[in-house]
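Accompanying notes for the structure given below.
The values are calculated or read from the model by the stated rules, or taken from the named source; none is laboratory data. What you see is a predicted model; the values in this text were computed from it and never measured. Reconstructed Cβ throughout: ideal geometry from the backbone, glycine too, with neighbour counts over all protein chains shown. The accessibility values were calculated without ligands, DNA or RNA, using every heavy atom of the protein model including side chains. Shrake-Rupley method; radii C 1.70, N 1.55, O 1.52, S 1.80 Å.
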Amino acid sequence: MRKSSVRRSCAALAAATSLALALTACGGTTKNDVKDDGGAAATAGKADPNAALKKGLTVGFLPKSVNNPYFTSADKGGEKALTELGSKYKEVGTASATDTSGQVSYVNTLTQQQVDAMAVSAQDPGALCTALKQAMKNGIKVVTYDSDTKPDCRSAFVSQASAEDLGRTEVQLLAEQIGYKGEIAILSAAQTATNQNTWIDFMKDELKDPKYKNVKLVKVAYGNDDAQQSFQQTQGLLQEYPNLKGIISPTTVGIKAAAQYLSGSKYKGKVKLTGLGTPNDMRKYVKNGTVEAFELWDPAKLGDLAARTAVALASGQITGKEGETFKAGDTSYTIGKDGVINLGKPTVFNAKNIDQFNF
Ligand code: RAM
C-alpha cells in the first residue's frame with residue numbers, strides 16, 4: 001500500500017471509528033510520542049517526587065452520571081483545584097448511572113480531545129477497560145475516583161474512605177438502631193456499581209459476626225441512583241417485607257428517596273434508615289425523626305484530591321505505584337496497594353452535629 005492510500009484509509013478509519021483507535025492502528029503520532037516530555041523518570045515509568053507540577057493541563061472529569069448533585073459537588077471540587085493549579089477542567093458524562101456504553105463513548109471522546117488526564121467514576125468495573133487502556137496508550141493519565149475500574153485499567157483510584165470501614169460501619173449503625181434484631185434490606189445504586197458492590201460485600205461479611213445472629217438481610221434492591229426508581233424500590237421493599245426493621249442505602253440518591261418515602265408513610269421512625277447521604281439532603285429527615293444517623297465524606301474534597309492526583313500523575317510526580325507519596329494541598333498522601341489513595345475517614349452525622357455541615 002502506498003503511503004497516501006495508507007493515509008486515506010487511516011483518515012476513513014478515524015472518521016468511522018474513534019480517532020484514538022485509528023491513530024494507534026495506523027501507527028500515527030499519538031500523544032505519547034509528542035507529549036512525553038516529563039523527563040527520563042516519566043519515560044521510564046518511574047516517579048520523580050521532585051518534578052514540578054505542570055500547568056496548562058486539561059483534566060476531564062467523567063462522573064457516573066451528570067445529574068446527580070453528589071457529582072456536581074465532587075466535580076466542582078475538582079474544578080476549583082485545577083483552577084488553583086493553573087490547569088483546565090472539563091466535565092462530560094451520561095444522564096443515567098446505568099448507561100455504560102455511553103460512559104465508554106465519553107472516555108473515547110476525552111481521548112480524541114487529547115486531554116492530559118481524566119478522572120473517572122466507573123459505572124461498571126470492567127466495561128470501560130478497553131477504552132481506558134486506549135487512553136493510557138495515548139499518553140493520557142487515568143485516575144478513577146469514587147467508583148473504581150480494575151487496577152490495570154487506571155493508574156490510581158482515589159477512594160472516599162476505606163471500603164471496608166464504610167461497609168462495616170453502616171451495618172453497625174443500623175444494628176444499633178434496631179436493637180440487633182429483625183429483617184433488613186439494602187437499597188443500592190446500579191447493580192454494576194463497583195463502589196456500592198464492594199461496600200455491600202463488606203456489609204455481608206460484617207453480618208456474619210455472631211452479634212448479628214438475629215439480623216437478617218432479606219434483599220438488595222437497586223434504585224440506579226435515580227430518585228423515582230429509588231422511591232419505588234423503597235415502597236416495594238416495605239410491601240414485600242412488612243416486618244422490615246431497617247434499610248441501608250449506600251447512595252446519596254437512594255437514601256434521600258428512601259427518607260422521603262418513609263417520612264410520608266406509617267413507617268416513619270419505625271423502619272430505621274441509614275447509609276450514605278449528604279447533610280443538606282438529609283437534614284430535614286433527621287430533624288423530623290425519620291433518620292437517626294448516616295455518614296459521608298465531603299464530595300468536594302474527593303473531587304479536589306482526584307484533580308490533584310491527576311495533575312501529579314501527568315507531571316510525573318507519581319506513577320500510581322504502592323508506596324509513592326505526593327502532596328495534595330497541605331496534605332501528604334501515600335499510595336496504597338493496587339494504586340488506592342484514601343481520602344480519609346467519613347463523618348457520621350446525627351441531630352447533634354448535622355447543622356455544622358453545609359454540603
Ligand atoms: C451516589 C453515587 C456515588 C456514591 C454516593 C455515596 O451519589 O452512587 O457513587 O459514592 O452515592
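When the residues of region 195-208 are narrowed to those that are more than 13 Å from Ala185 (Cβ to Cβ) and surrounded by fewer than 16 Cβ atoms within 10 Å (Cβ to Cβ), which ends up farthest from the ligand (Cβ to nearest atom)?
Lys208
Tell me the residue from Ala122, Ala185 that is touching an Asp or Glu at 6+ places or on another chain (Cβ under 7 Å), of a type outside the set (Lys, Arg), open to solvent by less than 30 Å² (accessible area, probe 1.4 Å) and not in a helix (DSSP H, G or I), please. Talk me through it step by step, then tell me what you get.
Working: Ala185 fails: touching an Asp or Glu at 6+ places or on another chain (Cβ under 7 Å).
The match here is Ala122.
Determine whether Val115 is open to solvent by less than 10 Å² (accessible area, probe 1.4 Å), assigned to a strand (DSSP E or B), more than 16 Å from the ligand (Cβ to nearest atom) and in contact with a Ser or Thr (Cβ under 7 Å, 6 or more places away or on another chain).
No, not satisfied.
Out of the residues in region 209-243 that are touching a residue at least 40 places away in the same chain (Cβ under 8 Å), in a helix (DSSP H, G or I) and not polar (S, T, N, Q), which is surrounded by the most Cβ atoms within 10 Å (Cβ to Cβ)?
Initial filter on region 209-243 (touching a residue at least 40 places away in the same chain (Cβ under 8 Å)): 212, 215, 224-226, 230, 233-234, 237, 241, 243.
Next, from what is left, pick out any that are in a helix (DSSP H, G or I): 212, 230, 233-234, 237.
Going one step further and asking which of them are not polar (S, T, N, Q), we end up with 212, 237.
Working: Tyr212: 18, Leu237: 23.
Taking the candidates together, the pick is Leu237.
If you take the residues of region 160-169 that are open to solvent by 10 Å² or more (accessible area, probe 1.4 Å) and farther than 15 Å from Thr274 by Cβ, which of them is farthest from the ligand (Cβ to nearest atom)?
Applying the filter and picking the extreme gives Glu164.
Kindly indicate whether any position in region 175-194 is over 20 Å from Gly254 (Cβ atoms), within 15 Å of the ligand (Cβ to nearest atom) and modelled with pLDDT of 95 or more.
Checked region 175-194: no residue is over 20 Å from Gly254 (Cβ atoms), within 15 Å of the ligand (Cβ to nearest atom) and modelled with pLDDT of 95 or more.
Does at least one position in region 269-281 carry a residue that is surrounded by fewer than 24 Cβ atoms within 10 Å (Cβ to Cβ) and either part of a strand (DSSP E or B) or in contact with a strand residue (DSSP E or B) (Cβ under 7 Å, 6 or more places away or on another chain) (or both)?
Yes, region 269-281 contains a residue that is surrounded by fewer than 24 Cβ atoms within 10 Å (Cβ to Cβ) and either part of a strand (DSSP E or B) or in contact with a strand residue (DSSP E or B) (Cβ under 7 Å, 6 or more places away or on another chain) (or both).
Answer yes or no as to whether Lys64 is of a type in the set (D, E, K, R), part of a loop (DSSP other than H, G, I, E, B) and crowded, with 24+ Cβ neighbours inside 10 Å.
For Lys64, the condition - of a type in the set (D, E, K, R), part of a loop (DSSP other than H, G, I, E, B) and crowded, with 24+ Cβ neighbours inside 10 Å - is met.
Counting only residues that are assigned to a helix (DSSP H, G or I) and β-branched (Val, Ile, Thr), how many does region 125-158 have?
Result for region 125-158: 1.
So, of the residues in region 244-279 that are polar (S, T, N, Q) and free of Cβ contacts under 8 Å to residues at least 60 places away in the same chain, which turns out to be nearest to Thr198 (Cα to Cα)? Let's see the steps before the verdict.
First pass over region 244-279, keeping only residues polar (S, T, N, Q): 249, 251-252, 260, 263, 265, 274, 278.
Right, trim to free of Cβ contacts under 8 Å to residues at least 60 places away in the same chain and you get 260, 263, 265.
Working: Gln260: 26, Ser263: 29, Ser265: 31 Å.
For region 244-279, the residue satisfying everything is Gln260.
Would you check which residues across region 311-347 are part of a strand (DSSP E or B) and in contact with a helix residue (DSSP H, G or I) (Cβ under 7 Å, 6 or more places away or on another chain) and list them?
Phe326, Ala328, Ile341
Which residue is nearest to Ala156 (Cα to Cα), if the candidates are limited to region 282-317 and must be basic (Lys, Arg) and buried (at least 20 other Cβ atoms within 10 Å of the Cβ)?
So the residue we want is Arg308.
Considering region 23-61 alone, what residues qualify as being surrounded by 13 or more Cβ atoms within 10 Å (Cβ to Cβ), among the charged types (D, E, K, R) and at pLDDT 50 or above?
Listed by number, the residues that qualify are Lys46, Asp48, Lys54.
Looking at region 170-182, which of the residues that are assigned to a loop (DSSP other than H, G, I, E, B) and touching a residue at least 60 places away in the same chain (Cβ under 8 Å) is surrounded by the fewest Cβ atoms within 10 Å (Cβ to Cβ)?
Taking the candidates together, the pick is Lys181.
What's the number of the condition Lys301 fails, among (1) away from the ligand (no atom under 16 Å from the Cβ); (2) basic (Lys, Arg); (3) touching a residue at least 40 places away in the same chain (Cβ under 8 Å)?
It fails just one condition, (1).
When the residues of region 244-268 are filtered to those that are under 22 Å from the mean Cα position of the chain (by Cα) and in a helix (DSSP H, G or I), which remaining residue is nearest to the ligand (Cβ to nearest atom)?
Here the answer is Thr252.
Out of all the residues in region 67-92, which are over 17 Å from the mean Cα position of the chain (by Cα) and assigned to a loop (DSSP other than H, G, I, E, B)?
Residues satisfying the conditions are Leu85, Gly86, Ser87.
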